[in-house]
Amino acid sequence: MFGLFLLVCYTYQPCEFVPQGWVYPDQSNCLADIHQQQLPPQYECLPVDGVIPARPPGEKE
């Protein structure tokens, strides 16, 4: 699954990917949505599992 993320960079802080609330079954659908909406290059399609952890680090089951 791929998600639509916005790359946000603040002064004197590392950049981070902020989820935009959209999830797609594959990368091609995500990229098509970016193209259709004419979003700027700061928007990227990334694997959801690679950016958003399923459980916060250190949280017990």
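The values are calculated or read from the model by the stated rules, or taken from the named source; none is laboratory data. Just so we're clear, the structure is a prediction, and the values are computed from it rather than from any experiment. Cβ atoms come from the backbone with ideal geometry, glycine included; neighbour counts cover every protein chain shown.
Here are a few things to note about the model shown:
- Within region 17-44, the set of residues being farther than 13 Å from residue 1 by Cβ and of a type in the set (Val, Ile, Thr) comprises 18, 34.
- Yes/no for residue 42 being modelled with pLDDT of 90 or more, among the polar types (S, T, N, Q) and on the phi > 0 side of the Ramachandran plot: no
- Flag for residue 23 being exposed (fewer than 13 other Cβ atoms within 10 Å of the Cβ) and either within 14 Å of the chain's Cα centre (by Cα) or of a type in the set (A, V, I, L, M, F, W, C) (or both): no
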